[in-house]
Amino acid sequence: MGAQLRVIRGRIRSARAMGKITHAQELIASSRIITAQRRAAASAPYAREITRAVSALISYHPDIDHPLLVERSDARRAAMLLLTSDGGFCGGFNANLLREGEALAAKLRDEGKEPVIYVAGRKGIGWYRFRGRDIEREWSGFSGNPSYDRAEQIGQALVAAFSRPEEDGGVGEIHVVYTEFVSMLSQRPVIHRIVPLEVEEVEEGQETGEAGEAAAGGALPLYEFEPSPEEVLDRLLPSYIENRIWHMLLQSAASEHAARQRAMKSATDNANELVETLTRQANQARQAEITTEISEIVGGANALAAATAESE
Amino acid sequence: MAKLRVELVAPERQVWSGEADMVLARTLEGELGILPNHAPLFGALVEGGVVRVHESAGSEEVVAAVSGGFLSVTENRVSILAEYAELGQEVDVEEAHRALERALADADHDEEAQAEVERQRARLRASGQEV
């Protein structure tokens with residue numbers, strides 16, 4: 001076998017093997033998206049109820065002051081939490097997110113605030129370490145499959161930083177950069193300020209507030225609070241923040257799998273295309289080889305015939 | 001008589017939902033029973049509490065261990081939100097006993113462990129054990 005043909009066949013084999021691997025990863029990612037979406041759906045009832053409660057508390061008791069709700073105009077340090085992935089092979093997922101993070105950092109600096117970096121996910125940690133920037137806290141090992149404990153840990157660390165005075169390494173604001181799962185085809189990085197808190201309204205719409213239809217969504221109920229609105233708020237807000245972070249972790253996990261699935265699908269397509277092109281080249285090389293061989297044989301035979309004719 | 005629609009939800013999943021005649025829980029203020037047509041209420045539940053739901057006369061009650069939770073009542077809907085919730089029948093009794101022992105071992109000097117003791121006691125109570 002000719003040298004060229006052997007080289008091409010080797011490349012076909014490796015392209016095909018790579019295609020198999022990326023195809024397997026594509027299948028794994030698509031099954032994990034479904035799991036991630038199911039978890040997001042399972043977390044919805046809790047999120048809905050806690051959001052309603054916080055909205056009700058704040059709208060009916062506007063006089064309550066809670067540190068987590070108060071805008072600090074003199075904030076000089078702002079925390080940034082970036083939710084990146086642990087693994088690669090997910091296209092532009094981390095690059096887009098980190099770019100969004102850089103934009104936020106630049107904006108914070110313009111406002112005279114020093115960004116304090118909190119990172120979840122090995123890719124983000126690596127990115128900041130490589131650039132020699134300080135990371136305040138880091139978490140990793142759960143990006144594709146987060147558990148509520150993690151949301152709790154992260155929430156507690158952030159709230160603790162917010163409660164400390166800025167001179168002691170505390171922060172005056174907390175922003176989160178995460179990837180929102182819009183659909184299987186589209187995920188986009190978004191920036192979200194979680195503290196000081198702006199409670200997102202319950203989606204069902206508040207205006208349709210007839211008492212009768214208020215059961216499912218509708219008007220916020222005029223709750224009695226036990227023990228007292230202040231004490232309930234005190235316990236509710238940290239839970240609410242943890243729940244928001246949990247929501248973001250789930251969104252980010254679903255987005256990561258979707259991005260990975262898409263990246264692996266195009267890698268598989270590319271590998272298949274490469275195999276096709278290389279097969280064509282291999283065929284050409286094989287034909288060229290045969291042609292050379294035939295002409296060599298014919299040439300040899302002719303030379304032999306000529307030599308015998310001469311000797312006679 | 002009107003019925004209560006009860007939902008017991010944890011952040012990761014809905015633990016139980018259904019209709020009931022009465023819900024018993026303990027808030028920071030004390031034991032509380034909710035009957036249909038209760039006024040809207042939002043309460044913080046004690047750490048390591050047990051919630052009992054009477055589905056209807058004659059049937060068995062649903063018991064759950066709940067911690068770090070809230071109780072919200074609106075328009076005959078009762079939602080129990082808990083960072084941790086487990087139905088009594090789902091509790092692994094032996095595992096809970098072991099966890100309780102472990103927590104008791106270092107409960108004297110640690111507030112977190114004290115809370116853990118309460119949580120494990122609640123799990124055992126919910127599963128019908130005496131502690």
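Numbers at a glance
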quantity: DSSP bridge pairs, the protein assembly as shown: antiparallel proportion in percent, nearest 5; calculated: 65 percent
quantity: Sorted by Cβ density within 10 Å, fewest first, the residues A:Met248, A:Met18; calculated: A:Met18, A:Met248
quantity: Nitroxide proxy distance, nm - points 7 Å out along Cα→Cβ at A:Ile297 and A:Ala17; calculated: 3.4 nm
quantity: B:Glu31-A:His192 FRET efficiency (beta carbon distance; Förster radius 56 Å; 0.05 resolution); calculated: 0.90
quantity: Taking only Cα atoms of the protein assembly as shown, radius of gyration then Dmax in Å; calculated: 31.4, 126
quantity: A:Leu304 paired with A:Ile290, simple spin-label distance in nm, labels 7 Å along Cα-to-beta-carbon; calculated: 2.2 nm
quantity: Cα-based convex hull volume of region B:4-88 per residue, rounded to whole Å³; calculated: 75 Å³
quantity: Length gained when the stretch A:Asp149-A:Glu312 is fully extended (0.36 nm per residue, less Cα-Cα span); calculated: 48.8 nm
quantity: For region B:1-48: Kirkwood Rh in Å [reciprocal of mean 1/r, alpha carbons]; calculated: 12.0 Å
quantity: Residues A:Lys123, B:Lys3 arranged by fewest to most Cβ contacts within 10 Å; calculated: B:Lys3, A:Lys123
quantity: Spin-label pair A:Thr35/A:Arg129, simplified geometry with 7 Å Cα→Cβ offset, distance in nm; calculated: 2.6 nm
quantity: Potential extension, A:Asp110-A:Gln156 segment - 0.36 nm per residue separation minus Cα distance; calculated: 13.8 nm
quantity: For region A:25-134, the Rg and Dmax computed from alpha carbons only, in angstrom; calculated: 18.7, 54
quantity: Computed FRET value (nearest 0.05) for A:Ile64 with B:Glu95, which takes r as the C-beta separation and R₀ as 56 Å; calculated: 0.85
quantity: A:Ile194, A:Ile135, A:Ile34 arranged by Cβ crowding within 10 Å, fewest neighbours leading; calculated: A:Ile34, A:Ile135, A:Ile194
quantity: Extension gain (nm, one decimal) between A:Ala42 and A:Thr277, 0.36 nm per residue minus Cα-Cα; calculated: 79.9 nm
quantity: Mean Kyte hydropathy of 1.6 or more with a Cα span along the axis of at least 20 Å, helices from DSSP in chain A; calculated: none
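Since every read-out is calculated from the coordinates, none of them should be taken as a lab result. Being a predicted model, the structure only gives us computed values, none of them experimental. Cβ coordinates were reconstructed from backbone atoms using ideal geometry, including for glycine residues, and neighbour counts include every protein chain displayed.
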